[in-house]
Each structure stands twice: as C-alpha cells, then as structure tokens.
Amino acid sequence: MTITVEQMYSNYINGAWKTNAEETKASMNPAHPREVVGYYTMSGTRTLDEAVEAAASAKRNWRKMAQPARGDILYKAAALLEKRIEEIAETMTREMGKTYPEAKGETMRGAQILRYYAGEGMRQSGDVIPSTDKDALMFTNRTPLGVVGVITPWNFPVAIPVWKIAPALVYGNTVVFKPAQESAVTAAKVVECLAEAGLPDGVLNFVTGSGSVIGRGLSEHPDVNGITFTGSEQVGRGIGQAALGRGAKYQLEMGGKNPVIVTEDADLDTAVDAVISGGLKSTGQKCTATSRVIIQNGIYDTFKEKLLAKVREIKVGDGMKEDSWMGPCASESQFNSVTSYIEKGKEEGADLLCGGETIPEEEGYYVTPAVFDNVEPEMTIAREEIFGPVLALMKVETVEEAIETANDTEYGLSASIFTTNIQEFLSFMDDIEAGLVRINAESAGVELQAPFGGMKHSSSHSREQGEAAKEFFTSIKTVLVK
Ligand SMILES: NC(=O)c1ccc[n+]([C@@H]2O[C@H](COP(=O)([O-])OP(=O)(O)OC[C@H]3O[C@@H](n4cnc5c(N)ncnc54)[C@H](O)[C@@H]3O)[C@@H](O)[C@H]2O)c1
Ligand SMILES: O=CCCC(=O)C(=O)O
C-alpha cells in the first residue's frame, strides 16, 4: 500500500481534532528528503493550556471509572492499531526511515503493549498488610497521579508513546501527549486508534510542536502532575529540574553507550550476528544499540574479520524496498551528527575499517555502517552517544579489564557479554553497571512485560514497562479501617 495523499494532522484536544490557525510544518521522508509524509501543527502555549485544561477536567470521571472498563478501551485500541498495521508501519518507515519489517514489528509490539496494560485493568492494585491493632484492617490502594505529560523521541514512534500512554490511562490518569516532531504523523495515527477506541473526551490529548515550547511548557505546567520523558540526556535533565522545582513526579529515560564484551570463550559467530543486529538495526538509532565492542586479545583479529565480512554485505537503502537491510538516518540533523562523529573518530586516531560513507547515487540521509578499530577509551567515539550505525572496537587482555572498560562511561542502559564460561557471566552480571544485562544476547530488544530502564545518567533510576509502570503512574494510599 502506498500513501499518496499528503495529510494534515492537527491537535486532538477534549475529544476533537482541532482545526486552528497555527503554523503547520511538513514531516519529510529521510529516504527522499523532498517528499512530504504529512503535515502537523506547530502549536503554541495557548493550545497547550487548552489541552491541559481538558485533561484536568476529565480526570475525576476517568479515575472513578472501574479499572477493568478502562482496560476494555485499551483492548479496542489494540485491535484498531493491528487493523491499521500496514498503513501505520509504512508511515513510520517514510517518516523516520526504519525498514518496513522493523516498523511492522514495532506496530505489532504497540498492539501487544496495549493488550498487556488492558489486562492490568483486572489485576490487583494493592496489598493487605497486618496491623499491630488486632481490630483493624490495613491495606494499600493505588491512586492515579492526575494529569500526566508524555514526551517522546522519534526512534520508536509507536512503541514508546504506547508504553507510556497505556499504563498512564489504565491506572486512571489523563494524558497530554507531545511527540517528537520527526515522527508526529505516525504518532497522530496512534492517537486516532486510541480515540476511536472510545476514550471519553479530554482523557487523551495530543499536542504537536517544538520541544522548547510544548515540551518545556508541559514540564513547567502547574496543572501537570507527572511527566514521563524519553529522549536525550540534555533535554531530560532540564525536564527533571523543572518537574522537581514544582513538586511534580517525573521519570526520565535517556541515552546509552552500550557495550558488548566478546570473550575468548565466546561463540564468535553468535557474537558477530548479535553485534550487527544490536548495533546496526534501525540504523543504530536505539537507546539500547551496541556502540562499543570490547574484545579479548586472543580472538580480536578473528572476530574482527568475521564482523567486517558481514558488515560489508549490509544493503543500505530506502526502508520500503524489500532488499534494504538498513534505512537512512532519521533526519538531516541526525545525518550531520553521525557523519561528524565519524570524522572525529578519524581525527582522534581511530582506524575506520569500513563504511561511514554517504551513498552518492541516493538522495537520502544514508550512511553506510562504520566499523572503527583501535578505539581508545578517551576518544569521543568511545564516550559520547552517537545514535547511528557506528561500531567502536576496543581490545582488552582480560575479562576484568573488559568489564572495567564497559563501565567506563557515564551511561548505564544496556550491556552484553558473549561467553560460555559461567564464572565470567556471573562476574559480569554482578559487576556491570547497567539496567539491562544480557548474556549471549544482543544489547537491544526489550520485552514489554519486564522492567526497562538504566543506571547512572541513562535514567532517573525509575523503571518503565511491565508491572514497574505502576510505580510511576500511581501513588500509594495506606488505608487503616477500624
Ligand atoms: N532510554 C530510553 O529508553 C531511550 C529510548 C529512545 C531514545 N532515547 C534517547 O533519545 C535521544 C534521541 O531522541 P530525540 O532526538 O528525539 O531526543 P530529544 O531529547 O531531542 O527529544 C525528545 C523529546 O523531547 C522534546 N524536547 C526537546 N527539547 C525539549 C525541552 N527543552 N523541554 C521539553 N521537551 C523537549 C522533543 O521535542 C521530543 O519530543 C537519544 O539520546 C536516545 O538515547 C532513550
Ligand atoms: O530506544 C529505546 C528503546 C529500545 C527498545 O525498545 C529496544 O531495544 O527494543
């Protein structure tokens, strides 16, 4: 199916798609930068205020609705999302570049997340705790925060919004959702599914626009009780400070510089495939993407040759083409950032073994997957998040040194080790500073029913997804009855 009509997406406020006089902006296809995918609104603070007011007015009735009834609406939204899977996946590929099979997988994941939280509607929401008073009944009950602001990045335009909005709603909060501009059209289609599922007016509101106006405005708004954010560390810190300053609850999931350790005991073919998949799928634009590959000296050259042979075979092209394994960078600014990191790597003395080229015959923001050799821990490409198809190979002598090198970063999102030695995997599990710890598995890939989040600068130390979501989206009331 090819979408040919360029569509205008406005804001969704208080149960209606608004037509307004605000400036609109085109969302462009990074594979064909002159092709418009759709238009969205560059909203101002008055529109944001309207959305927050709608969410605030709706919050009492929504909280009072039975939790299973809230879950039923999410089941309906899941079915609607699944029904539109091909259209939404195509929009995602055209809007931010990931390949169509990946986009389809992500859209399906969105439907599964909705079903998971729909099921939460029927699960327990508190505990009975023994009181020291034999005549009293003591228990906890959960209550929603109220109005929650959801601010999301462009790299998972369906999954990340859904894994925030679905738990927010099922636990009884109302939502104002601000997506990244680069994926605003895909996000609007997710909102259409939720709206069509029967959410009462004002329960979910959608406002597009710049981060500095709408994102910042949400984090500073006195009537927004909680903010859940995924994106860069720099922006996240500002949001955290704004929320803390006015006593709102906040949750931040931010960058990563994820290491994969390959030991002399590893199955090298498995490790090569995992590094390629974890580092280069989605053009390396995952917070969980493999960025540093830390390899023991004894197998360094063998691993490197096996890796290079496979990386050189990767077909880069328009994500809508069947033979493209990797799509373009998501935007011009992302392309400029990735290519400048590649230049920096060369300038600082790392050896570029393959890739890092643009494709002259293609007009899109393409960069071929780059592999750097002889990367030293102090180099920029070993320290900063690149968020692109760049792998930095680092040589170590021992597994202890490998773990030390892996931990030598301000981030702590995901980390993997490839080994068949149980002692090595136990040391890694114990000593690695990361929220996601993978043994013989790639650094990327998140299961919706398990807690997700990072350590150090990667996160505000909270967790998303699975049952962990309940901790953020609710407050506990301890009740004593006598
Ligand atoms: N840890 C995770 O779960 C995770 C997942 C995906 C992406 N990320 C991170 O996201 C980054 C890439 O995404 P991005 O470029 O969209 O990030 P970004 O921080 O630039 O933007 C994220 C969102 O914040 C908004 N925003 C921008 N400035 C703002 C401000 N001053 N106040 C409030 N909101 C503002 C943006 O409009 C967007 O909606 C990478 O650093 C990546 O690691 C992290
Ligand atoms: O980009 C962050 C989310 C990572 C993710 O969902 C995955 O690795 O599957």
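Against the chain, whose longest principal axis comes from its Cα atoms, helix 85-96 is set at around 60 degrees. Summing Lys and Arg as +1 and Asp and Glu as -1 over all other residues whose Cβ lies under 12 Å from the Cβ of E348 gives a net charge of -3.
Stretching the chain fully between M429 and S337 yields a gain of 29.8 nm (0.36 nm per residue, less the alpha carbon separation).
The calculated FRET efficiency for E447 paired with T270, based on their beta-carbon distance and R0 = 22 Å, is about 0.65. At 0.36 nm per residue, minus the direct Cα-Cα distance, what do E23 and T398 gain on full extension? Give it in nm, one decimal, please. Result for the pair: 129.2 nm of gain on full extension.
Applying 1/(1 + (r/R0)^6) with r as the Cβ-Cβ distance of S210 and Q67 and R0 = 35 angstrom yields a FRET efficiency of 0.50. Listed by chain and number, the lysines whose alpha-carbon sits under 18 Å from that of K189, ignoring those within fewer than 8 places in the same chain, are K18, K25, K76, K83, K98, K104, K164, K178.
Does region 239-370 come out rounded, prolate or oblate, given a ≥ b ≥ c as the square roots of the eigenvalues of its C-alpha gyration tensor, rounded meaning a/c under 1.5 and, failing that, prolate meaning a/b above b/c? Cα axes put region 239-370 in the oblate bin. Charge dipole (Cα centre; +1 on Lys/Arg Cβ, -1 on Asp/Glu Cβ; no other charges) of region 258-447 amounts to roughly 440 debye. Overall, the accessible surface of region 379-474 at a probe of 1.4 angstrom is composed of carbon and sulfur to the extent of 48 percent. Annotation: amide H-H contacts under 5 Å for A370 (H modelled 1.01 Å from N, sequence separation of 5 or more, or interchain): G356, V390, L391. Here the Karplus curve 6.51 cos²θ - 1.76 cosθ + 1.60, taken at θ = phi - 60°, turns the phi angles of region 22-28 into couplings of 6, 4, 10, 9, 8, 9, 9 Hz, with x standing for Gly and Pro.
Relative contact order, whole percent, for the chain stands at 18, derived from Cα pairs under 8 Å and 6 or more residues apart. What you get for the chain, charging only the Cβ of Lys and Arg (+1) and of Asp and Glu (-1), is a dipole of about 2480 debye around the Cα centre. R237 to K477: FRET efficiency via 1/(1 + (r/R0)^6), r the Cβ-Cβ distance, R0 35 Å, to the nearest 0.05? Result of the calculation: an efficiency of 0.65. Taking 0.36 nm per residue of separation and subtracting the current Cα-Cα distance, fully stretching the chain between D201 and S277 would add 23.2 nm.
Rg and Dmax, both from the Cα atoms of the chain and both in Å, are 23.0, 80. If both residues of a DSSP beta bridge must be in the chain, then about 40% of such bridges are antiparallel.
The amide H of Y9, built 1.01 Å from its N in the peptide plane, has Y39, Y40 as neighbours under 5 Å, considering only residues 5 or more places off or on other chains. For a straight C-alpha distance cut-off of 16 angstrom, the lysines reachable from K310 (same-chain residues fewer than eight places away being disregarded) are K281. Note that the chain presents 40 Å² accessible area per residue, ligands and nucleic acids not counted, probe 1.4 Å.
The values are calculated or read from the model by the stated rules, or taken from the named source; none is laboratory data. Just so it is clear, the structure is predicted and the values come from calculations on it, not from any experiment. In this analysis, Cβ positions are derived from the backbone assuming ideal geometry, glycine residues included, and neighbour counts consider all displayed protein chains. Keep in mind that these areas ignore ligands, DNA and RNA; they rest on the heavy atoms of the full protein, side chains included. Shrake-Rupley method; radii C 1.70, N 1.55, O 1.52, S 1.80 Å.
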